[in-house]
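Asker: So that we are looking at the same thing, I have put the structure below in structure tokens.
Any read-out appearing in this document is the output of simple, stated calculations on the displayed coordinates, not a laboratory observation. Since the model is a prediction, treat every value here as computed from it, not as a measurement. Cβ placement follows ideal geometry from the backbone for every residue including glycine, while neighbour counts extend to all protein chains displayed.
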Amino acid sequence: MRREPSPSTRNDLEITGDTGTAIQAGVVHGGIQIRPSDDTYAPPRQLPMDAAVFVNRETYLANLDQLLQTGRTGNDPRTAVSAITGAPGVGKTALAVHWAHRVRKHFTDGQLYIDLQGHGPGTTLEAAQALEGILRALNVAAHRIPQDLDGRAAVYRSILTGRRLLIVLDNANSADQVRPLLPGSSGSLVIVTSRSALAGLVARE
């Protein structure tokens, strides 16, 4: 004779996993709770509002369009990177954000926007700080974010492998500030704006 456990002895069963988790059981008594794990990915949509009126700049927009086309059809394993540089007030951010809105449909894994605060009032955002914000936006749990810059950059590159994101790094101070924020493989596209020429970034990346 099979004896069923009394209600007072039944324990709820809690299972954590992603959508690929398989559950096999015979007889289950009590409540069952299935929760998504920390790895559940919700694409970030961080682009600021586009300008209500945007005119001219057609040559620059065409150059960026070419960059997008190269990234989609080329065999280069590196991430496509474009730097928009110039004096204060010439419209670098407006151009980058406007173009990003035009092409965001091509980046279904998300769009990231980070103000690096490289120029102007306030403290420059360090690369490690920027990566912490990026990893949180990519749904990485706080306890899984390394404390050091290299560790955070490694997790960031791992997450972006195989994904296609558009990343706008606005108001950069130097190539050293930007370099840890670049994905390590193709598929994503990075737009950097800066008052500096970023010669080091141009030479290497």
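Asker: Take residue 54, project a point 7 Å from its Cα along the Cβ direction, then tell me which residues of region 88-119 have their backbone nitrogen under 16 Å from it.
Answerer: From region 88-119, the list is 90-107, 111-114.
Asker: Only four residue types carry charge here, +1 at the Cβ of Lys and Arg and -1 at the Cβ of Asp and Glu. Report the dipole size of region 87-164 about the Cα centre in Debye, rounded to the nearest 20.
Answerer: Using Cβ point charges on Lys, Arg, Asp and Glu, region 87-164 gives about 460 debye.
Asker: Rounded to the nearest 0.05, what FRET efficiency is calculated for residue 42 and residue 126 with R0 set to 22 Å and r the Cβ-Cβ distance?
Answerer: Working: r = 26 Å, r/R0 = 1.19.
Efficiency, from the Cβ-Cβ distance: 0.25.
Asker: Still on this model: Cα centroids of region 158-180 and region 108-153: how far apart, whole angstrom?
Answerer: Each part reduced to its Cα centre gives a spacing of 9 Å.
Asker: Where Lys and Arg each count +1 and Asp and Glu each count -1, what net charge lies around residue 147 among other residues with Cβ under 15 Å from its Cβ? Don't skip to the end; give the middle numbers.
Answerer: On the way: positive: 136, 144, 152; negative: 126, 132, 148, 150.
Taking every Cβ under 15 Å from that of residue 147, the sum is -1.
Asker: How far, in nm, would the chain grow between residue 197 and residue 106 when pulled straight, counting 0.36 nm per residue and subtracting the alpha carbon separation?
Answerer: Once the chain is fully extended between residue 197 and residue 106, it gains 30.0 nm.
Asker: For region 60-164, what percent of Cα pairs sit more than 17 Å apart?
Answerer: 63
Asker: Sticking with this one: Determine, from the Cβ-Cβ distance of residue 90 and residue 176 and an R0 of 22 Å, the FRET efficiency 1/(1 + (r/R0)^6), rounded to the nearest 0.05.
Answerer: The formula returns an efficiency of 0.40 here.
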